[in-house]
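Everything on this sheet refers to the single structure shown next.
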Amino acid sequence: EQRPAAGGEAAASDTGPAWVEEAAAAERVFTPSNALVGLRLKLRCTPGDGAQRYGPPREVESSGPVEAGPGACTFDSRHLYTKKVCGEGSVRAVSYNILADTYAQTEFSRTVLYPYCAPYALELDYRQNLLKKELAGYNADLICLQEVDKSVFVDSLAPALDAFGLEGLFKIKEKQHEGLATFYRRDKFSLLSQHDIAFSEALHSDPLHKELCDKLAKYPLVQEKVLQRSSVLQVSVLQSTTDSSRKICVTNTHLYWHPKGGNIRLIQIAVALSHIKHVACDLYPSIPVIFCGDFNSTPSSGTYSFINSGGIAEDHEDWVSNGEEERCNMPLSHPFKLLSACGEPAYTNYVGGFHGCLDYIFIDKNTLEVEQVIPLPSHEEVTTHQALPSVSHPSDHIALICDLKWK
């Protein structure tokens, strides 16, 4: 029997009808139709070259049958705005905390954090499939993800997004199995250099932060806490494939999470901005900056105000966010003019016990402008299953998406 070089094939059962060839499976990505629910898939690949020489075919069968999808998803209506990759001179950026499996599948998560979420919808395979469908439909040029399990990056996201033309970079948090991922569209950008850091290590050993380190040394309790954190910063310098004079510095982070950790986040963001300044002012003078991440900071926080305004006073209330014994007053400043490209949505994180805006895509307003912001899902969509994550949404955060253009 002849088979195409790549075909997804389905069988009713081991004892039932034989394998039937799936005509629609010639592309690199195959999405089974509803008619295939309950059937298994088999992929047969026959290696060949241009000279009509073929090797022996190889086959692999799916471990389980095709399952029904969740029906309508929170991101379906967003995909209507992102049907095509945006044009030359524009960049579509996504920032998204995808909820690490490490945190989703604990007893605490299942019973306390997300008791409203069907257990099967918290499972990794289920969320991964939803997530890949969501990300693929955004047709983004840049994707910055937080809470990415190492195995998820290697085995799932990198190969899936590779099929859609995106190259991935990963930065693990020390002591943890999750970290940050940045993806960029290969035909729009090439990678010039990477400048990733772990905050604690940079603060401790990079002369760039000596002044801050010296100030912090006066507050041993806070210093200790900052140095214990495993938060990292991913910095990638990209160059346009069509115009080599056009470079961009894409940065991605996930700041310390604790509600009373405002003082720690201020120090982390000060380190981040000093490091970005080194890259975008010293190494690549006047290169535009896009700074994505889960900043664990609402718009009323000191961290947001510091990023937005360029400075923070030493008497700001966030210096005592964890009480008097951890007070660490210091004035800080940075040279960038940064703007939250997606504004200040009511929330980007929506769980049973909390909702608020914690995620941002900050852009350099001297060099970049916002062309469009993809609307977030409606409140009705987010709360259809009470809160996030749900059968129709793979994370407890919502992706931010915007189209940017060079000024």
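Here are a few things to note about the model shown:
- Listed residues Lys188, Lys407, Lys150 arranged by accessible area, highest first, probe 1.4 Å: Lys407, Lys150, Lys188
- Three-way shape label, the range 19-86, alpha-carbon gyration tensor, a/c 1.5: oblate
- Rounded if a/c under 1.5, otherwise prolate or oblate - the range 87-406, Cα gyration tensor axes: oblate
- With R₀ fixed at 35 Å, the C-beta to C-beta distance from Thr31 to Lys337 puts the FRET efficiency at about 0.20.
- Which of Arg78, Arg327 is most accessible, then next, and so on - probe 1.4 Å: Arg327, Arg78
- Counting only protein heavy atoms and a probe of 1.4 Å, the accessible surface of the chain is 52% carbon and sulfur.
- Shape of the range 251-384, Cα gyration tensor, a/c cut at 1.5: oblate
- For Trp19, solvent-accessible area (1.4 Å; no DNA, RNA or ligand), Å²: 70
- Phi-based couplings in Hz for the range 378-393 (Karplus 6.51, -1.76, 1.60; Gly and Pro marked x): 5, 4, 4, 5, 5, 9, 3, 10, 6, 7, 10, x, 8, 4, 10, 8
- Label-point separation, Ser90 to Val154 (7 Å along Cα→Cβ), nm: 3.8
- Remark on the chain: Cys45, Cys73, Cys86, Cys117, Cys213, Cys249, Cys281, Cys328, Cys342, Cys357, Cys402 stand apart, with no other cysteine beta carbon under 4.7 Å.
- Across the chain, C-alpha contacts under 8 Å between residues 6 or more apart give a mean separation that, scaled by the residue count, equals a relative contact order of 17 percent.
- Whole-Hz Karplus values for the range 171-185 come out as 10, 7, 7, 4, 6, 10, 9, 10, x, 10, 10, 10, 10, 9, 6 Hz, taken residue by residue from phi with 6.51 cos²θ - 1.76 cosθ + 1.60 and θ = phi - 60°; glycine and proline positions read x.
- For Cys292, distant residues with modelled amide H under 5 Å away: Thr251, Asn252, Thr253, Phe362
- Rounded to the nearest whole Hz, the Karplus-based 3J(HN,Hα) values (6.51 cos²θ - 1.76 cosθ + 1.60, θ = phi - 60°) of the range 323-328 follow the sequence x, 4, 5, 10, 5, 8, with x at glycine and proline.
- In a fully extended conformation the segment linking Phe354 and Trp257 would gain 33.6 nm over its present Cα-Cα distance, using 0.36 nm per residue.
- Of the whole protein surface, Ser245 contributes about 90 Å² of accessible area at a 1.4 Å probe radius.
- Distance between modelled label sites at Leu191 and Asn366, nm, 7 Å Cα→Cβ extension: 2.8
- Note on Lys365: aspartates and glutamates with a C-alpha under 17 Å away, same-chain residues under 8 apart excluded, are Glu344, Asp403.
- In a reduced charge model with +1 at each Lys and Arg Cβ and -1 at each Asp and Glu Cβ, the range 283-402 shows a dipole moment near 340 debye about its Cα centre.
- Top positive-direction residue, dipole computed over the range 49-142 with Cβ charges, set Thr106, Tyr96, Ala68: Tyr96
- Between Ser378 and Ala23, full extension at 0.36 nm per residue minus the direct alpha carbon distance yields a gain of 124.0 nm.
- Accessible area per residue, Å², the range 87-406 with all protein chains present, probe 1.4 Å: 39
- Calculated [θ] (222 nm, deg cm²/dmol) that DSSP helices of n ≥ 4 give over the chain, each run adding -39,500 (n - 2.57): -5500 deg cm²/dmol
- Selected from Ala158, Ala272, Ala181 as most flexible by GNM, with the chain as the system and alpha-carbon contacts under 10 Å: Ala158
- Basic side chains Lys and Arg get +1 at the Cβ, acidic Asp and Glu get -1 at the Cβ, and with that the dipole of the chain about its Cα centre reaches some 740 debye.
The values are calculated or read from the model by the stated rules, or taken from the named source; none is laboratory data. Bear in mind that the values here come from a model prediction, so they are computed numbers and not experimental data. Reconstructed Cβ throughout: ideal geometry from the backbone, glycine too, with neighbour counts over all protein chains shown. The area values use the complete protein model at the heavy-atom level, side chains included, leaving out ligands, DNA and RNA. Shrake-Rupley method; radii C 1.70, N 1.55, O 1.52, S 1.80 Å.
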